[in-house]
Amino acid sequence: MAEEKATSTKVAGSFKALLTSVVGLVSGAVLMYLTPLVNNVVKPAKPMPNFAHQASGLTVVFNNRSSGGVSGWWDFGDGSALEPYEPGRDTVTHVFPRPGTYNVRLKLQNLLGEEAERVVAVSLDTASAVPQPIIETFAVVPLTPGERAPATYKIISQVKNAKLVAWAIGDAPLKTETNPPPEKYVTIEEPGPCVLRLVAFNGEYVAEKSKQVWVDANYGAKLTALLKVVYDGVATEQKQEKQTLVLAWEPKHQGPVCPVSRELTVAPGWIITDAKYEPPPREVVQNIQPELSADRTRLRMSGELLRPKSMTSKNVPPPQVPVHLDLVLTRRSAKLSKTSDPVLVEVAVPGTTMLPLPPPPVGFDVQARRIVLELRDGEQLLWQGPGLPNGAQVTIRNRSMRLTANELSGQLRLEVTDPKVATPVSLPGR
């Protein structure tokens, strides 16, 4: 009996040992296959920040090629505020303040708080920041046929990317302008060849176009009309400017929503005449509202930041949202007078001559104007304002004539008539 019991105990012990070994092998196998499964499926991947960039002047577009990150921020290295990282946003645009080299940093975190970052040096030189000027149109049109001295030409021009343009008429020194008019009149008084030049400047870049004209000699005195327009008003200057206002969470604020606001003030003498902005993501900020001051010198952006879920981590900074603005700024001068370039045209005697009225300068708010007209026979002054002649009596080469001028569709109609010649009258039935 005792022997049978001992045998039974021995068998039970052997079975238990065998069962323990089997369980150990199975659990080891399960853990061997389960651990990679947990690491690959349950545990999130480490963040891998990566991006490319393309520069156009001082504006750089960053292409997000990152993976594994759920939160983080961009540091553009120019002293501007950090910009929150948005996983679903493919591109981020940033405008740098000036040429130079900036260390742009992208720092990411995954759900477990694991961090990784990438730093890239972005170089913006003067050449990339300043576009080359382009002269798209440069046409020289004689005002009257014949082109005998003195001859007036209309120059039609169109320039892009130029901070300054300069005109040169023959050997005369360059005459600079900040806002070139689309049409300009020049008078060449000496016969022979003459080169008309237009030069556009932008930083170190220069563009130039020229055209040579030939002015024939005038044998004998010409009857000419000289026309100028004096404009009274205010010079208006406009420029476009990009600004960024950063709406930042108040660190001590508690709650799911934080009221935020920022304000910018333009330089003295300028006002804001137009403002556009790129709306930030709605899941980050709500009730975004721009407000312009009554004198149009200040712009305030306000809204409500939403607390992100990742803000519970101590390593995540308070959220910041940049609002990119496109502003149009305007500056007005004190009242002043500007005189147009003169127009010199040979006058038909007797007959009708059309003279173009020179337009006001670009960006000039005209409040009043005065037309200045002179009639000359060679060097002899025959008639001069004020005002326009209305049947004025003038002596032209020992002949008594009548001089009348009227505005007509942007031109001045000048008529020289002989009072001794009767004007034909149309009678009924003839």
> In segment 268-295, which residues are within 20 Å of the chain's Cα centre (by Cα) and free of Cβ contacts under 8 Å to residues at least 40 places away in the same chain?
Replying inline: 279
>> Condition first: within 30 Å of residue 343 (Cα to Cα), in the same structural domain as residue 198 (by TED's automatic domain parsing) and within 21 Å of the chain's Cα centre (by Cα). Can you find one or more residues in segment 137-148 that meet it?
In response: yes
> How about segment 107-123: which of its residues are out of contact with any Phe, Trp or Tyr (no Cβ under 6 Å at 6 or more places or on another chain) and of a type in the set (A, V, I, L, M, F, W, C)?
Replying inline: 108, 111, 112, 116, 119, 120, 121
> With (1) at pLDDT below 90; (2) outside any loop (DSSP other than H, G, I, E, B) as the list, and residue 253 as the residue in question, which single condition is left unmet?
Replying inline: (2)
>> Suppose we filter segment 207-221 for residues that are over 17 Å from residue 144 (Cα atoms) and surrounded by 14 or more Cβ atoms within 10 Å (Cβ to Cβ); how many remain?
In response: 4
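If only one of 234, 246, 323, 230 is touching a residue at least 60 places away in the same chain (Cβ under 8 Å), touching a strand residue (DSSP E or B) at 6+ places or on another chain (Cβ under 8 Å) and surrounded by 16 or more Cβ atoms within 10 Å (Cβ to Cβ), which one is it?
Working: 234 fails: surrounded by 16 or more Cβ atoms within 10 Å (Cβ to Cβ); 246 fails: surrounded by 16 or more Cβ atoms within 10 Å (Cβ to Cβ); 230 fails: surrounded by 16 or more Cβ atoms within 10 Å (Cβ to Cβ).
Residue meeting the stated conditions: 323.
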> Does segment 136-151 hold any residues that are surrounded by 12 or more Cβ atoms within 10 Å (Cβ to Cβ) and at pLDDT below 90, and which are they?
Replying inline: 143, 144, 147, 148, 149, 150, 151
>> I'm trying to understand the selection: among the residues of segment 90-111, which are of a type outside the set (Val, Ile, Thr), surrounded by 12 or more Cβ atoms within 10 Å (Cβ to Cβ) and closer than 25 Å to residue 285 by Cα?
In response: 94, 96, 105, 106, 107, 108, 109, 110, 111
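Quick check on segment 105-117. Is at least one of its residues on the phi > 0 side of the Ramachandran plot and either among the polar types (S, T, N, Q) or in contact (Cβ under 8 Å) with a residue 24 or more places away in the chain (or both)? Steps first, please.
First, pick out the residues of segment 105-117 that are on the phi > 0 side of the Ramachandran plot: 113.
Right, trim to either among the polar types (S, T, N, Q) or in contact (Cβ under 8 Å) with a residue 24 or more places away in the chain (or both) and you get 113.
There is at least one residue in segment 105-117 that is on the phi > 0 side of the Ramachandran plot and either among the polar types (S, T, N, Q) or in contact (Cβ under 8 Å) with a residue 24 or more places away in the chain (or both).
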> Which of the residues spanning segment 63-86 are at negative phi and loosely packed, with under 15 Cβ neighbours inside 10 Å?
Replying inline: 63, 65, 67
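The values are calculated or read from the model by the stated rules, or taken from the named source; none is laboratory data. None of the values given here were measured: they were computed from a predicted structure. Reconstructed Cβ throughout: ideal geometry from the backbone, glycine too, with neighbour counts over all protein chains shown.
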